[in-house]
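Note sheet for the following structure.
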Amino acid sequence: MVNSGFSRTPDKIKVAVQATDEKFVFGTRKNFTSRKEFESFASTLGLNYDSSLESYFGTPSETLGQWSKWNIQGRLVTRKDLPKEERDLGGWSYPYFGDPSKGYGIAHRVAKCYPRETWYGEQLQASVRVLEENGNISAVCAVEKSLPPSVDPDSRSVLYAASLARHWFGKAEVLELDKTGTVKLPTEALDWEVFPPGTAEDDKEFLSSKLTHRASPTVVSEAVSRMVEVKKLGPKEMLIGNSGLESYLGFKFDDHLVVFENIRHGNALYILKENWKDLSKLSRTELLKSHRSEIIRIIHNKGWEKRLQHEINLRKA
């Protein structure tokens, strides 16, 4: 079943857009009870399989509903957010004094109307990447329109892409992209492993062995330099967790105070307090969208070390 889009962008989507600091697309991850159910879903959207990418792609047919039609043909939109303007609604002829022998005049009807604007169809494609794990079938579904983290959440491009995602997939979520433009899968589980403190060289060797191909030497070196700064504050334990696509470092000061950093995308660190084990399984977008009051976010700008020291000392005291 294909759903409708949005008449305006919902507030929760705006918050999610504002929370992300990566390029993103709109989409969702759907679960299926069988391969047959998945293939029926892909067939309804009219997608074609690309064996080289192991994904389904295509522009869904305009027969699926209004948003699919608008995606292909475009639409005429009444801009009720703008002031009304005078519009000539057309003219007609009439005989003078009701007598055709006396000639004809032209009458026009002018009315105050909201302006109208043509939104051209972008012919955006849908992509569906099927995943089979332990007999379970799911798919990462996305609208193929990459948006920058600086995009205005009230913009037409956000409304357009989010509406197509809801229309085609039943749900519109912000899905962050990695540097290759591939959707990063949500983290569903995270097992923490305690590792002992060591010298900077020890830490570098340890991280290199753990991260292998998932992080470049530059990323490892940067992570080590940040580790040095956090370790100066005296964490009781250091933790590393691997969730398949992303790697995390944790610095545990006590049971209710952990500094958490994503190694691969470490533009900010997070101080997690209560319930840190569950919170550390969430994406940054979800943390900022639904748990802002439970975290402290520190961007690695100049002086981040002093702010971190202040926050840790405040809470340790």
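The values are calculated or read from the model by the stated rules, or taken from the named source; none is laboratory data. Quantities reported herein were computed from a predicted structural model and do not represent experimental measurements. In this analysis, Cβ positions are derived from the backbone assuming ideal geometry, glycine residues included, and neighbour counts consider all displayed protein chains. Just the protein is used for accessible areas: all its heavy atoms, side chains included, with ligands, DNA and RNA removed. Shrake-Rupley method; radii C 1.70, N 1.55, O 1.52, S 1.80 Å.
Extending 7 Å from Cα along the Cβ direction at residue 112 and again at residue 294 yields two label points whose distance is 5.1 nm.
The phi-based Karplus calculation (6.51 cos²θ - 1.76 cosθ + 1.60; θ = phi - 60°) puts the 3J(HN,Hα) values of the stretch 123-129 at 6, 5, 9, 9, 10, 9, 9 Hz, whole numbers, x for Gly and Pro. Per-residue SASA remark: residue 116, around 140 Å² accessible (1.4 Å probe; ligands, DNA and RNA not included). So what's the net charge close to residue 38: Lys and Arg +1, Asp and Glu -1, counting the other residues with Cβ under 12 Å from its Cβ? Charge balance near residue 38 sits at +1. If a paramagnetic tag sat 7 Å from the Cα of residue 85 along the Cα-Cβ line, which residues of the stretch 102-122 would have the backbone N under 15 Å from that point? The answer is 111-119.
Here the calculated FRET efficiency for residue 49 and residue 3, from their Cβ-Cβ distance with R0 = 30 Å, stands at 0.80, rounded to the nearest 0.05.
Annotation: amide H-H contacts under 5 Å for residue 55 (H modelled 1.01 Å from N, sequence separation of 5 or more, or interchain): 50. Per-residue SASA remark: residue 152, around 80 Å² accessible (1.4 Å probe; ligands, DNA and RNA not included). On full extension, the segment bounded by residue 278 and residue 310 gains 9.0 nm, given 0.36 nm per residue less the C-alpha separation.
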